[in-house]
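The next block holds one structure in the form of structure tokens; read it before the comments.
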Amino acid sequence: MTNETQGQLSRSWEDFRHLPFPSGFHSREPDGECMVTMDATLAGCISSAMNGQLDDERHAILHSRIARLGELLPLIRDDENATNYFTLLHQTAMLAAEFDDARRA
């Protein structure tokens, strides 16, 4: 499972890295959440997970940010580019969490 998850994570991360950050979301804060910070935090956790097991703090941050982004996705459905971008970020982060969880087991 870990090798399969790692492959999915690598492909998803590569796809995500080629997407431009959605215009208008540098200042848009659905439910008071800065989407630039959300993006940077999750991207950092994903990148770190791909390079080795996360420490406990990053592990907790990854899981909490995944949950929070899941809450925010319905609030941005009016913007197709943002929905695509943040949905792929969410999916990639979930793969990173699954991969990290498997390494911890």
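The values are calculated or read from the model by the stated rules, or taken from the named source; none is laboratory data. This one's a predicted model, so the numbers in the text were calculated from it and none came from an experiment. Virtual Cβ from ideal backbone geometry, glycine too; neighbours counted across all protein chains shown. With ligands, DNA and RNA removed, areas are computed over all heavy atoms of the protein, side chains included. Shrake-Rupley method; radii C 1.70, N 1.55, O 1.52, S 1.80 Å.
Relative contact order for the chain: what percent, with Cα pairs under 8 Å and sequence separation of 6 or more?
Details: 92 pairs, mean separation 43.6, N = 105.
Computed value for the chain: 42 percent relative contact order.
Helix 35-50 versus the longest principal axis of the chain: what is the Cα-based angle in degrees, 0 to 90, to the nearest 10?
10
Quick one: with all protein chains in place, what share of the accessible area of the chain is carbon or sulfur, to the nearest percent (1.4 Å probe)? Mind showing how you got there, number by number?
On the way: 2710 of 5700 Å².
After summing per-atom areas, the C and S share lands at 47 percent.
Quick one: if you stick a label point 7 Å off each Cα along the C-beta vector at residue 2 and residue 57, how many nm between them?
The two pseudo-label positions are separated by 2.5 nm.
For segment 14-66, rounded, prolate or oblate, judged on the Cα gyration tensor with a ≥ b ≥ c (square roots of eigenvalues), a/c < 1.5 rounded, else prolate if a/b > b/c?
Working: a/c = 3.65, a/b = 1.46, b/c = 2.50.
Taking the square roots of the gyration eigenvalues as a ≥ b ≥ c, segment 14-66 is oblate.
Tell me, what HN-Hα J-couplings in whole Hz come from the Karplus equation 6.51 cos²θ - 1.76 cosθ + 1.60 at θ = phi - 60° for each residue of segment 83-93, using x for Gly and Pro?
4, 4, 4, 6, 5, 5, 4, 4, 5, 5, 5
Output the 0 to 90 degree angle, nearest 10, between the alpha-carbon long axis of helix 56-72 and the longest principal axis computed from the alpha carbons of the chain.
Tilt of helix 56-72: around 40 degrees.
Helix 2-17 against the longest principal axis of the chain: what's the angle in degrees, Cα atoms only, rounded to the nearest 10?
Roughly 30 degrees between the two axes.
For percent of Cα pairs over 21 Å apart, which listed value, [x] 47; [y] 30; [z] 37, comes from the coordinates shown?
[y]
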